[in-house]
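Everything on this sheet refers to the single structure shown next.
Every number here is computed from the coordinates shown, using simple stated rules; none is lab data. These numbers were taken from a predicted model, which means no experiment stands behind them. When we count neighbours, we look across all protein chains shown, and the Cβ atoms used for this are built from the backbone with ideal geometry, even at glycine.
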Amino acid sequence: MSNEKGRILKISVLKYNPQVKEDKPKIVTYELEEAPGMTLFIALNEIRQHQDNSLKFDFVCRAGICGSCSMLINGKPGLACRALTSKMDADITLAPLPVFELIGDLSVFTGKWMSGMNDRLETWIHEKEEEEKACSCDTIEETMDPDLSDEIYELDRCIECGCCVAGCGTIVMRENFVGAVGLNKIARYAIDPRDKREDADYYDLIGDEDGIFGCMSLMGCEDVCPKDLPLQSKIAYMRRKMVAMKDK
Amino acid sequence: MEVVQTRVDEVESKFGVKKSRTPAKLDYLQSATGLMLALFMWAHMILVSSILFGKDTMYEVSKLMEGKPFFGESYPILVTFTAILLATIFITHAAIAIRKFPGSFKQYTLYRAHMKRMKHSDTNLWFYQIFTGFVMFFLGSIHLFIIMTNSADIGPYASSDRIVSEWMAPLYLLLLLAVEFHGSIGLYRLSIKWGWFDGKDPKANRKKLKKFKWAITAFFMTLGLLSLAAYIKIGLEHKANYGEKYIPTSEIQGVIK
């Protein structure tokens with residue numbers, strides 16, 4: 001490691017605590033020296049430890065797996081733990097993700113939104129009633145083609161960080177839109193042979209302008225997804241599927 | 001996510017009312033009409049730009065559109081019918097696509113703020129599409145109505161007179177800008193929306209599509225501007241003889257012989 005002094009980073013944070021009645025939103029700028037390999041997550045912890053212990057932000061895993069530290073980084077949604085400061089200008093602006101309920105400063109309640117979305121879209125395997133009854137621990141699960149299981153796993157990598165939601169111009173205007181996270185989940189169950197739902201069942205969930213037909217292909221989701229999920233092609237897949245659906 | 005508005009749906013589904021299939025049809029129809037209009041505009045521009053090959057070429061093209069090579073005589077009513085058909089597709093497309101416009105000042109400001117934050121080109125392109133679409137409600141309607149009612153007056157002199165002496169030049173210039181941006185952005189978005197060129201690597205192919213999109217815009221914009229300039233030049237030269245129709249060189253030579 002070199003002994004050279006690092007850049008001085010100026011990190012401006014939109015601070016606001018909606019829990020405190022008198023509090024007003026303000027931009028607070030913190031200065032700190034950049035360290036090698038520094039991520040915004042490390043920088044924020046430094047700030048909280050040495051400069052402002054009231055600074056609110058979320059984190060759990062520090063490795064881009066939990067999806068807690070999503071925030072607007074220079075206006076674009078992203079994960080603080082995956083954002084290397086060396087790839088940014090010394091002036092960095094941070095703000096909480098829009099759309100979600102604000103807890104305080106950079107901390108938003110993505111869990112509440114995601115849980116509502118999951119309930120609404122029934123994002124779990126649906127079996128047929130008779131199968132559910134017949135389900136026993138003794139029957140061996142059917143085998144699955146490895147390619148198909150890879151494809152399902154690829155979509156299952158979603159961490160519900162909310163970046164695609166905050167990056168979506170449609171949701172920003174129309175808050176009932178399910179967003180890429182929801183449409184990706186429906187695509188994930190639609191390709192899973194264990195889920196016995198038919199196209200008409202999926203149509204009931206996303207066949208309107210709050211669902212697949214609300215998407216205006218702005219591709220904000222695709223371009224900000226920290227997990228590089230194939231949102232563009234999966235949304236197109238669901239759109240084709242829902243439009244081609246024939247009533248029996 | 002707090003959802004309030006789906007209650008009607010839920011109640012209906014409990015009573016066995018099937019969820020409406022109309023949103024799917026509208027989505028499809030918006031794309032289909034848009035595709036037809038965009039492809040028509042390519043053809044239109046190629047026909048219009050025939051003026052760059054001389055007045056005689058443009059004259060022949062205009063007669064071709066009036067069916068002369070097929071019927072032996074010119075039937076401008078064919079052009080009227082085409083314009084009526086186009087107007088129908090145009091109005092259908094506008095009626096469906098208007099659903100996507102920001103529905104209130106609040107939605108408008110929210111989107112503008114989002115654009116400013118994101119600095120994301122596809123997000124910006126959508127706004128240009130809304131803007132140019134709005135412009136075309138008016139400019140496109142005027143143009144279509146004039147062609148519908150003056151279908152016999154398409155030719156090297158008649159069209160140039162319309163552009164210069166009848167003051168259509170500024171309208172056509174704005175319409176050209178609106179059409180070329182709206183159409184090429186629309187085609188790009190259609191490809192993404194339906195995954196036409198996703199291939200094995202949708203991300204890489206989207207980048208290529210976008211480059212292609214700009215190339216298409218540049219090509220047709222140049223062609224359009226050059227053609228408009230050619231019509232303006234002819235219109236200015238023909239100002240004194242406003243109203244006089246073009247006689248093709250072959251006919252003049254025939255008379256001289």
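At-a-glance table
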{"read-out": "Segment B:75-109, residues that are away from chain A (no Cβ under 14 Å), in contact (Cβ under 8 Å) with a residue 24 or more places away in the chain and over 22 Å from residue B:41 (Cβ atoms)", "value": "B:77"}
{"read-out": "Single match in B:187, B:144, B:177 (criterion: buried (at least 16 other Cβ atoms within 10 Å of the Cβ), away from chain A (no Cβ under 14 Å), within 23 Å of residue A:216 (Cβ to Cβ) and out of contact with any His (no Cβ under 7 Å at 6 or more places or on another chain))", "value": "B:177"}
{"read-out": "Residue selected from segment B:33-88 under the condition closer than 23 Å to residue B:228 by Cα and among the charged types (D, E, K, R), by the criterion surrounded by the most Cβ atoms within 10 Å (Cβ to Cβ)", "value": "B:66"}
{"read-out": "Scope segment A:69-118; condition touching a Gly at 6+ places or on another chain (Cβ under 6 Å), away from chain B (no Cβ under 12 Å) and assigned to a strand (DSSP E or B); matching residues", "value": "A:70, A:79"}
{"read-out": "Residues of segment A:196-248 classified as closer than 25 Å to residue A:161 by Cα and either facing chain B (nearest Cβ under 7 Å) or not basic (Lys, Arg) (or both), total", "value": "34"}
{"read-out": "Any pair with Cβ under 7 angstrom, 6 or more apart, that starts in segment B:117-137 at a residue that is facing chain A (nearest Cβ under 9 Å) and without any contact (Cβ under 8 Å) to a residue 24 or more places away in the chain and ends at one that is acidic (Asp, Glu) and part of a helix (DSSP H, G or I)", "value": "B:120/A:223"}
